[in-house]
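Here is the structure we will look at, set down as structure tokens.
The values are calculated or read from the model by the stated rules, or taken from the named source; none is laboratory data. All values reported here derive from a predicted model rather than from experimental measurement. Here the Cβ positions follow ideal geometry from the backbone for every residue, glycine too, while neighbour counts run over all protein chains shown. SASA here: full protein model, heavy atoms, side chains in, ligands and nucleic acids out. Shrake-Rupley method; radii C 1.70, N 1.55, O 1.52, S 1.80 Å.
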Amino acid sequence: MYSTLLLITTAQAYNPTWAELKDSSGWTVQNTVQTDVGPVIVKKKLIDGFPCFSGTTKYPESLNIPLMIEIAADAESAMTWSSADITDAKTLARTDTYVDYWQYLEIFALSDRMWFLRGYFERDGEALLFRWERLEQGGPHKEFYKAKIEQFPHAEITPINLGAWRIQQQIDNTTVVQYSICSHPGGSISPMFQSIATESTLPNNLVDMIQETKRRMNTSEKP
């Protein structure tokens, strides 16, 4: 009962939107992390009082951007390439403009997490975007939502999960990869501790994505 109330309170207390996350103003540099794919610049800004983060790297080679978008949209494949340790996933629906999906994450010493999302395929000038937002109570997938609630009664559904991949080819054949996220895992984790965890793990998401893209490009594997 307590965790349910806390989840509802968290969702009501903060309301970050895609327009605010996409806005380039208000970001402050927190750190520059050296990784296997190059330096990742980590930025933070408060949206409706909630800490959101963005990581950007300029990869020194030309990457297959449509392939990267497909990898981002492939919920099931994240179980094999993401270091986030996603343990289950399912694509619920897909059209030319969006994909609905569910993912499940086991967390040691804490309640497991799951989320129901809709991801959109968009363009921002010369960049390609894959952005996502929560599907409230599973959106149109009510029966699947109900089944997962019954299957995992102790798992927390993330009350805030909003983000995007933005990828753009440069004239010099480098590739700018940006990952932006507003996420609260729910349960008894405070925004302060959530903020620390998100900031520290964010560079891993860019490393995972670029390395998986390179692997598929090298093996000519389709997404």
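Miscellaneous remarks
- Filtered by the rule that a residue be open to solvent by 50 Å² or more (accessible area, probe 1.4 Å) and either modelled with pLDDT of 95 or more or more than 18 Å from the chain's Cα centre (by Cα) (or both), segment 194-222 gives 211, 215, 217, 218, 219, 220, 221, 222.
- Cβ-Cβ under 8 Å pairs, at least 6 apart or on other chains, segment 78-91 side buried (at least 17 other Cβ atoms within 10 Å of the Cβ), far side part of a strand (DSSP E or B) and among the small types (Gly, Ala, Ser): 78/89
- Condition check for residue 143: open to solvent by 20 Å² or more (accessible area, probe 1.4 Å) and under 22 Å from residue 210 (Cβ atoms): no
- For segment 147-165, the criterion of a residue being in a strand (DSSP E or B), at pLDDT 95 or above, within 14 Å of the chain's Cα centre (by Cα) and surrounded by fewer than 20 Cβ atoms within 10 Å (Cβ to Cβ) is satisfied by no position.
- Looking only at segment 33-52, residues that are touching a residue at least 24 places away in the same chain (Cβ under 8 Å), over 17 Å from residue 168 (Cα atoms) and out of contact with any Gly (no Cβ under 9 Å at 6 or more places or on another chain) come to 7 in all.
- Of all residues making up segment 114-137, the number that are open to solvent by less than 10 Å² (accessible area, probe 1.4 Å) and over 30 Å from residue 169 (Cα atoms): 2
- Sole exception among (1) open to solvent by less than 20 Å² (accessible area, probe 1.4 Å); (2) within 20 Å of residue 35 (Cβ to Cβ); (3) small (Gly, Ala, Ser) for residue 75, by number: (2)
- Scanning segment 166-179 for residues that are open to solvent by 10 Å² or more (accessible area, probe 1.4 Å) and polar (S, T, N, Q) returns 168, 169, 170, 173, 174, 178.
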